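Engineer: What follows is a single structure, and I will ask about it in a moment.
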Amino acid sequence: MVEIPENFLRTIATQHHVSEEELHTLHLALAGQTAEKIAATLGNIKASAVRKRLKSVYEKFGLPLEGAAGKLEVLRGLLKEQYQSSGEIPNQPLSGSRQPLSDFGEAPDISVFYGRTEELKTLEKWIIADHCRLIAILGMGGIGKTTLSVKLAQSIEGQFEYVIWRSLKDAPPFKQILISLVKFLSNQREIDADSSETTTDSISRFLEYLRRHRCLFILDNVESILQGGQTGVYRPGYESYGELFKRVGESSHQSCLIITSREKPRALAALEGEILPVRCWQMRGIEDSSGQEILKAKGLRLSQAEEQGRELIRRYAGNPLALKLIATTIQELFDGNIAEFLKEETIAFNEIRVLLDQHFDRLSALEESIMYWLAINREPVTVQELLDDIIPPVLKPQLLEALTGLVGRSLIEKTQEKPAASFTQQSVVMEYTIERLVEQICDEISHQDFHLLHNHALIKATAKDYIRESEIRLILQPIATYLTARFSKTEIGNWAIQALSVLRHQSLPLRNYAAGNVVNLLCKSGIDLTGYDLSHLVIRQAYLQGISLPHVDFSDSDLSQSTFSEPFSSALSLAFGLDGKLLAVGDANGVICLWQVSQFQQFSVCRGHTNRVWSIVFSPDSQILASGSEDKTVKIWSPTTGECFNTLEGHKSRVWSVAFSRMVKP
């Protein structure tokens, strides 16, 4: 039995001027659904309206209108005949009953997809008929590269044994991605990477799977691993991706790699060609009919404004994301009147930022906070993760309502195949949101009026390394650059001391991020923290790995989610040797850990207290360590060996504080 591929059905339907609604209804009818079932599936239509749509389809295909019985089967037969005579390669699944193993990871939901019929047809031919080994889908942000890659993969996954989709948006290390691919292709048998294996050997092992199996894998947002300012050049440390692309394109195998990017990696130029197994597809805007479907889906009435609709699509170059955003603006600001909107000359495609400014200005405080947190987190986050991040805390129903509003505005989107609903932003929206956040923070610093600095972490010290590196590069570094360009280091230091003093005495929520942000900005601005008073503060998400902290006072500070050169568990007390070479940390279990600051390595552990260590102090020569504890004792230690050589007893309550006089005798 010959089945009719969806792309062929869409092509024929377009030729007969069948609308998107009619095509969807026909597709369900051909799948065997009754008019009543179709109405229930669509949700907003009656069975009589379903029959009316199908009648319109039959008329457009030139079938006799007398009597409805048998029309669907006649049309099915007609479509099969046209398909068989078209000469197209049937889109049949792999031989045998085995279903392909698919992992679409964080790919977006594409249950609603507009147009791109010709693109899909061409790309399917390249992959199935021409056996291309490497295809690059290129285009500007928001044009639909990611969506097309997912739709393409889903439409042809039956031709492959393995299908895997991964995003490079946050520039994950090459090894991490390759391990993920090999684990999937080996059915989880190869879990741990051989640390002695070279990149070349790792790629060779991966290529062996591509020879043995028919695999389709997609890497999205490849521009994230390319340098800014140098088109197609890989960022330092990411050159291995280039080697992978080159060898996949040059080597003989039965698989296909698809990449999406805003710019073409240089290595592809020497490999691509119209009749070669490496090809590039440059995406353009969607056609008018698909653009109008987007506008209709957003609620715009085009029955008497088709010409204005075409002008709107032309003005925004058929960019799907821009059209979705523009449609919402027209609804909210111009009461759905496209003509009135077109009279405005202030908004143009290359000024999409202005459009997004207008959207942001209409957001509630909670919606705006969600936008900033999604941009800061950079990868999809769950509702619970947002609840943990947002300050001041909000109730879950409030958050869900705000998320629903943002999804409705097309400012955020749900991701596919997650154990819980997760949310993220399209790349162009995320980039805009980050730029806006940086500008707002700089303005707050200039006017000494903290708001976003209180409620949002500029970086998350506890995030994955590559996420945190993106946060530092895109958020923290630009703000630090603003500070160092505007103020001297002395002025920055004075500003920070004043800000921390204010924070120390303000009545703020215990979970605010301001002090952690100030500390991170000091570090990124190259300020020496020696002797800083960081006591009695809430210091969250401070990234202090590799930072020298001699004489820094952290007493009675909340260091939740801050990271040092080694993780602290329930740290209650901190002390640096006066020479800055040693760091001691007392915890809630009565343990004192000692680190060498220069090498950031733990070298000794002092065990002896039976309860919390509330206070630690080094002697002036750093040769002796004293500690006071909840167990009512003071202990004297050798920092180098961790040996306790004296215990002072007699206190009737916990020992809150210990100190050495300047005249110390061992």
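Only the coordinates and a few stated rules stand behind these numbers; no lab work does. Remember, predicted model here, so these are calculated numbers, not experimental data. Virtual Cβ from ideal backbone geometry, glycine too; neighbours counted across all protein chains shown.
Engineer: If one takes the longest principal axis of the Cα atoms in the chain, at what angle in degrees, from 0 to 90 and to the nearest 10, does the Cα axis of helix 47-60 lie?
Structural biologist: Computed tilt is about 60 degrees.
Engineer: Computed from these coordinates, which is Rg and Dmax of the Cα atoms in Å: (1) 30.9, 112; (2) 37.2, 120; (3) 27.2, 84?
Structural biologist: Computed from the coordinates, Rg and Dmax of the Cα atoms in Å corresponds to (1).
Engineer: Given LYS80/LYS151; LYS324/LYS414; LYS55/LYS151, which pairs have Cα atoms separated by over 19 Å?
Structural biologist: Beyond 19 Å: LYS80/LYS151; LYS55/LYS151.
Engineer: Averaging sequence separations of C-alpha pairs under 8 Å and six or more residues apart, then dividing by the length of the range 412-469, give the relative contact order as a whole percent.
Structural biologist: Values: 26 pairs, mean separation 9.6, N = 58.
Result for the range 412-469 is 17 percent.
Engineer: With θ taken as phi - 60° and the coefficients 6.51, -1.76 and 1.60, list the Karplus ³J(HN,Hα) couplings across the range 232-249 in order, rounded to whole Hz; mark glycine and proline as x.
Structural biologist: After applying 6.51 cos²θ - 1.76 cosθ + 1.60, I find x, 8, 6, 5, x, x, 10, 5, 5, 4, x, 5, 4, 4, 4, 6, 5, x Hz.
Engineer: Students often get this wrong: which residues of the range 164-181 have the backbone nitrogen under 16 Å from the point 7 angstrom along Cα-to-C-beta of GLN188?
Structural biologist: In the range 164-181, the label zone of GLN188 (backbone N under 16 Å from the point 7 Å along Cα→Cβ) covers 180-181.
Engineer: If you don't mind, another one. Quick one: net charge of LEU399's neighbours, Cβ under 15 Å, K/R +1, D/E -1?
Structural biologist: Working: positive: LYS396, LYS414; negative: GLU367, GLU368, GLU385, ASP388, ASP389, GLU401.
Surrounding charge for LEU399 is -4.
Engineer: Setting aside same-chain residues fewer than 8 positions from LYS52, which aspartates and glutamates have a Cα under 19 Å from its Cα?
Structural biologist: Straight-line reach from LYS52, under 19 Å: GLU20, GLU21, GLU22, GLU36, GLU66, GLU73.
Engineer: Which pairs, out of LYS125/LYS298; LYS46/LYS296; LYS460/LYS524, put more than 22 Å between their alpha-carbon atoms?
Structural biologist: Numbers: LYS125/LYS298 33 Å; LYS46/LYS296 20 Å; LYS460/LYS524 14 Å.
Flagged as over cut-off: LYS125/LYS298.
Engineer: Sticking with this one: For the pair CYS442 and SER252, what calculated FRET efficiency results from E = 1/(1 + (r/R0)^6), where r is the Cβ-Cβ distance and R0 = 35 Å, to the nearest 0.05? It would help to have the intermediate numbers written out before the result.
Structural biologist: On the way: r = 54 Å, r/R0 = 1.53.
Approximately 0.05, to the nearest 0.05.
Engineer: Ok, one more. What is the dipole size for the chain, taken about its Cα centre, with +1 at each Lys and Arg Cβ and -1 at each Asp and Glu Cβ, in debye to the nearest 20? Walk me through the numbers on the way to the answer.
Structural biologist: On the way: 70 positive and 81 negative charges, 165 e Å.
Result for the chain is approximately 800 debye, rounded to the nearest 20.
Engineer: Quick check on the range 363-425: take the gyration tensor over C-alpha atoms, sort the square-rooted eigenvalues as a ≥ b ≥ c, and tell me if it's rounded (a/c under 1.5), prolate or oblate.
Structural biologist: Working: a/c = 1.40, a/b = 1.21, b/c = 1.16.
It is rounded, given that a/c, with a ≥ b ≥ c, falls under 1.5.
Engineer: So what is the 222 nm mean residue ellipticity for the chain from helices alone, if each DSSP H run of at least 4 adds -39500 (n - 2.57) and you divide by all residues, rounding to the nearest 500 deg cm²/dmol?
Structural biologist: Values: 25 runs with 274 residues, N = 666.
Calculated at 222 nm, the ellipticity per residue is -12500 deg cm²/dmol.
Engineer: Counting only residues 5 or more places away or on other chains, whose amide H sits under 5 Å from the amide H of LEU168 once H atoms are built in the peptide plane?
Structural biologist: ASP220, ASN221
Engineer: Give me the one-decimal nm value for the distance between modelled label points at THR481 and ALA270, 7 Å along each residue's Cα-to-Cβ direction.
Structural biologist: Each label point lies 7 Å from its Cα, and together they span 3.2 nm.
Engineer: Give the relative contact order (percent, whole number) for the chain; include only Cα pairs under 8 Å separated by 6+ residues.
Structural biologist: Numbers: 1093 pairs, mean separation 49.8, N = 666.
Relative CO of the chain lands at 7 percent.
Engineer: Under a 5 Å amide H to amide H cut-off, with H placed in plane at 1.01 Å, what residues pair with LEU648 once short-range neighbours are removed?
Structural biologist: VAL634, LYS635, ILE636
Engineer: Continuing with the same structure: Taking amide H positions as placed 1.01 Å from N in the peptide plane, with prolines and chain starts having none, which residues 5 or more places from LEU572, or on another chain, fall under 5 Å of its amide H?
Structural biologist: Placed amide hydrogens put GLY586, ASP587, ALA588 under 5 Å from LEU572.
Engineer: Also, I was wondering about something else. Among the DSSP beta bridges whose two residues both lie in the chain, what percent are antiparallel, rounded to the nearest 5?
Structural biologist: Values: 35 of 61 bridges.
Roughly 55 percent of the beta bridges in the chain run antiparallel, per DSSP.
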